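A.B. asks: My questions will all concern the structure given below.
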Amino acid sequence: MFKHIMMPVDLGHADKLDRAMTVAADLAKHYGADITFVGVTSNAPGSVARTPEEYREKLAKLAAAQAELNGIETKSHAVFSHDPAVDLDDKLIEARKELGADLVVMATHLPNMGDMFLPSHGGELARHSDVSVFLVRHA
Amino acid sequence: MADESTNQGIPEPEGHADIIQTDYEIGQDNIETKIGPFGLDIHNPVFAIAGLSVIAFVAYALIAPGHANGLFNGLDPSDTCEAGAFCDLGLRSYLTSTYDWFFLLAANLFVIFCLFLIVSPWGSVRLGGSEATPDYGYPGWFAMLFAAGMGIGLMFFGVLEPTYYFGTPWGDAPLGTVRPFDENGALIPGNVDEARRMALAATSYHWALHPWAIYAVVALALALFSYNKGLPLSIRSAFYPILGDRVWGWWGHIIDTLAVFATLFGLATSLGIGAQQANAGLEYVYGVPNNVTVQVILICAITAVALVSVVRGLDGGVKVLSEINMVIALLLLLFVLFAAGAVTILSEFVTGVGAYFQELIPLSNPFGREDTGYMQGWTAFYWAWWISWSPFVGMFIARVSRGRTVREFITCVLIIPSVVCIFWMAVFGGAAITDVINNPDASAVKANVIDSYSPELSLFAMLESLPLAAITSTIGIVLVIVFFVTSSDSGSLVIDTITAGGKVDAPVPQRIFWCTFEGLVAIALLIGGGLGALQAMVISTGLPFTLILLLICYAILRGLMAEKRG
């Protein structure tokens, strides 16, 4: 059913990824799909990495660790944005098209009032993608 | 199952940038919290100290307006001060008249330093590492350079300054040049050419190499220490070669807080004063009533557009708006050029460039000058002003300049904007002076700049002397307003990044907060009084920042020495 899963990850909040990561790995095993982990960051030094090379490296490590842990094929795809706080949604939608992924799995927060003004990234992605999007709520 | 690799040490980059080894992790002092449904990620304590000190100074200006004005602007009501004493002059004029030599000397140094870097072997160092590619193409980049820190000044001073120097009856003519009018206000034809030449040279001096060198120094330092050394995009990072790991402590907090403070007050006071000027323009052109209500509406409108711009982000908002603005400004420039006579104006430009280089050394000489009215009242004032804006504009330029070599960076931030500014001044000033010479009795420019001083009307008075004044004046007002928006949005991004400890991906509600806060400060000061006093205070921060900038030059040299040359 699915061949290529895209999973957007925020390396700055890796602790909140557990549930979504499990879901993505289980689905990948079940359907025999690959996972591409996508991270969006800025070119300026940030809390996760101080250079773009370092960011790429960290994302690749995360992908490799998941491959080893679950016996699945994984890749990583780093996207650099001038203003990630605002451009994140557009960059994810673009990356989804570019990668040709047919399923998106991502962690998201519980819906709240703030979404009326600044919608959640997962919600925006679901609204603007023509593939299935699996939003995994935090426990 | 959380990934453990994110907690491991920082791996080396691919050997083409000299990352500074420090144990500091960007964001380690940040507080991540939620207010209602909105997430926050702010630096502790810079966010709080900067915000509270702004509120404290606004309260001071509102509660004790007379005292604040006396302190910063020096209006001594009791008349007990000697002329020239601190209580007579106020902080700002005291600093620009006492330390005039220091401002002039430092600004000269910044120019020489930048020119040296262009020809030095370090010119080939690439910002962002040797493999980096530019983030922005030339048109978007130039548009943002101008829109952030200078556009509004070009609108305000383009007509005013050349005309003022040409005919000033107040004795502050540059280098004591001749006046083209006699005591009865009649033209002295023999003096016209010399006065005109000097007016252009003296104006260009304030808008060309020197201000841009000031911006370039700050911008280069921030870009270098962030993109090549991996330090947070914040003013404190430029001090790493001098202070070492102490920049992450109170030294750094003070530097960053001062930068936020100067930026916020600089933007808020110029927004408030700008609203008054735009209102005066609207009254002059359309007869719109000139009162506080209209001005508050203007501030709200400017802030609202700026809010949309920051929420749409750097590429979708700030850049687009800057480009639109640049196109409108270019159209206005071309219109004035052709309407006022392209041949005359182009020869004015050639004369202007020649005069600029001829007079550059006498004008920038800090010692033994007799034209103190010009040197202290204009030059030192301008230098303090540019320098107090430099953390904001420099940081914004750094944000959009990744991927350029040092040589390319300085050429594009120093040389090209200088030429554009001289051209702008030659066109607007040239058209205005031509009008003054041709119709000395009927010229609205002469009436508003030389005969009486209404600076905010100078641009519209000049446009009146050309055809289609109704249309071009409207474009002029729109441009003034949009330039305020482009300063406000880029300023909010800068303040947000500094108060988030150098993180450029802090949650969006924070930039909304700073943008709104700036508008509120402007409104509070507009209604309660104190715009002038606090603007004088901001310009006074130019003195400590001059010292900071001198240290930054040294830090840049230290930083560049460790880089691989392209």
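The values are calculated or read from the model by the stated rules, or taken from the named source; none is laboratory data. All of these numbers come straight from a predicted model, not from anything done at the bench. With ideal geometry, Cβ positions are generated from the backbone for all residues, glycine too; neighbour counts draw on all protein chains shown.
A.B. asks: Only residues that are on the phi > 0 side of the Ramachandran plot and in a helix (DSSP H, G or I): list them for segment B:41-96, please.
C.D. replies: B:Gly90
A.B. asks: Follow-up. Does segment B:178-199 hold any residues that are under 18 Å from B:Glu348 (Cα atoms) and either among the β-branched types (Val, Ile, Thr) or assigned to a loop (DSSP other than H, G, I, E, B) (or both), and which are they?
C.D. replies: Here is the first cut: in segment B:178-199, the residues under 18 Å from B:Glu348 (Cα atoms) are B:180, B:189-199.
Within segment B:178-199, B:Pro180, B:Val192 meet the criteria.
A.B. asks: Further question on the same structure: Report, by residue number, each residue of segment B:405-448 that is touching a Lys or Arg at 6+ places or on another chain (Cβ under 7 Å) and not hydrophobic (A, V, I, L, M, F, W, C).
C.D. replies: If the condition is that a residue be touching a Lys or Arg at 6+ places or on another chain (Cβ under 7 Å) and not hydrophobic (A, V, I, L, M, F, W, C), then B:Thr405, B:Pro440 are the ones that fit.
A.B. asks: Return the total of residues in segment B:280-303 being polar (S, T, N, Q) and more than 14 Å from B:Ile523 (Cα to Cα).
C.D. replies: 1
A.B. asks: For segment B:454-558, give me every one of the helices (runs of 4 or more DSSP H) that falls completely inside it and has 3 or more residues that are more than 26 Å from B:Ala107 (Cα to Cα), without any contact (Cβ under 8 Å) to a residue 60 or more places away in the chain and among the charged types (D, E, K, R).
C.D. replies: none
A.B. asks: If you don't mind, another one. With the structure loaded, tell me whether B:Asp100 is modelled with pLDDT under 85 and either over 29 Å from the mean Cα position of the chain (by Cα) or farther than 30 Å from B:Asp245 by Cβ (or both) or whether it fails that test.
C.D. replies: Taking the combined requirement at face value, the residue does not satisfy it.
A.B. asks: Moving on to the next point. Those residues that are closer than 13 Å to B:Ile214 by Cβ and surrounded by fewer than 19 Cβ atoms within 10 Å (Cβ to Cβ), I need them from segment B:109-133; list them, please.
C.D. replies: B:Leu109, B:Ile112
A.B. asks: A follow-up question, please. Go through segment A:92-104 residue by residue and tally those that are crowded, with 18+ Cβ neighbours inside 10 Å and either part of a helix (DSSP H, G or I) or within 14 Å of chain B (Cβ to nearest Cβ) (or both).
C.D. replies: Result for segment A:92-104: 3.
A.B. asks: Can you name every one of the helices (runs of 4 or more DSSP H) wholly within segment B:309-412 that holds 1 or more residues which are of a type in the set (Ser, Thr, Tyr)?
C.D. replies: Details: elements: B:319-339, B:342-364, B:381-399, B:406-410.
The qualifying helices (runs of 4 or more DSSP H) are B:319-339, B:342-364, B:381-399.
A.B. asks: Sticking with this structure for a sec: Could you grab me the full set of residues in segment B:439-475 that are surrounded by fewer than 24 Cβ atoms within 10 Å (Cβ to Cβ) and within 20 Å of the chain's Cα centre (by Cα)?
C.D. replies: B:Pro455, B:Glu456
A.B. asks: Given the criterion among the aliphatic types (A, V, I, L, M), touching a strand residue (DSSP E or B) at 6+ places or on another chain (Cβ under 9 Å) and without any contact (Cβ under 8 Å) to a residue 40 or more places away in the chain, identify the matching residue among A:Val48, A:Val104.
C.D. replies: After ruling out the rest, the residue left standing is A:Val48.
A.B. asks: Also, I was wondering about something else. Are any of the residues in segment B:431-447 over 23 Å from B:Ile345 (Cα atoms) and either without any contact (Cβ under 8 Å) to a residue 24 or more places away in the chain or within 14 Å of chain A (Cβ to nearest Cβ) (or both)?
C.D. replies: No, segment B:431-447 contains no residue that is over 23 Å from B:Ile345 (Cα atoms) and either without any contact (Cβ under 8 Å) to a residue 24 or more places away in the chain or within 14 Å of chain A (Cβ to nearest Cβ) (or both).
A.B. asks: Are any residues in segment B:480-519 under 21 Å from A:Ser81 (Cβ atoms) and acidic (Asp, Glu), and if so, which ones?
C.D. replies: B:Asp489, B:Asp496, B:Asp505
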